[in-house]
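The values are calculated or read from the model by the stated rules, or taken from the named source; none is laboratory data. Because the structure is a prediction, the values reported are computed rather than measured. Counting neighbours? That spans all protein chains shown, and the Cβs are built from the backbone with ideal geometry, glycine included.
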Amino acid sequence: MESLKKWMADCANILFDDSKNDLRSLPKSVRLQILLVLSFIWTTVFSLYIFSYTTFALGWAGIYLAHIGLIFAVYMTFKQFHRAEARSSNVFKTKNYDPFKIIAIVFVIVFMFVFSKGIEVLNSSNSYDIQYDGSSKTPEEKWLPFSKKNKN
């Protein structure tokens, strides 16, 4: 498991770590431009292969925007992790028990519990399996207790 984690980190570092990337001698803006051009090329190839002529433009635009979003999201995520690793300190060593962090952890745990219960409910059989043939009374019979005709 640890070797898989190391392999995944190494693979991600090839693209997003400035000191390990083969494009490290280029300016950051040029590296970003190269990534965007590569995503443009791969989006076009994939779209030509998958989409029909009528859905090509929308499919291509959606996939290209997804690539751009993915590149920026992964890049920013790795930058934040590298910054955090550089100035890391354990909360138990610093005794910095931030209430916001505690609430965030509780929220994640509660959200996971609610989500898992929701999945459990969706996967279980329930009372909706019982057929409903409608009411045994007509609408007039249901209204009769509330009407003036019934008050003798």
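Worth pointing out:
- Restricting the stretch 2-26 to residues that are of a type in the set (Asp, Glu) and not in a helix (DSSP H, G or I), the residue that is nearest to residue 85 (Cα to Cα): 17
- Every residue from the stretch 49-61 that is over 23 Å from the mean Cα position of the chain (by Cα), in a helix (DSSP H, G or I) and surrounded by 12 or more Cβ atoms within 10 Å (Cβ to Cβ): 50, 56
- When the test is whether a residue is surrounded by 12 or more Cβ atoms within 10 Å (Cβ to Cβ), among the polar types (S, T, N, Q), part of a helix (DSSP H, G or I) and assigned by TED's automatic domain parsing to the domain that holds residue 77, residue 29 does not pass it.
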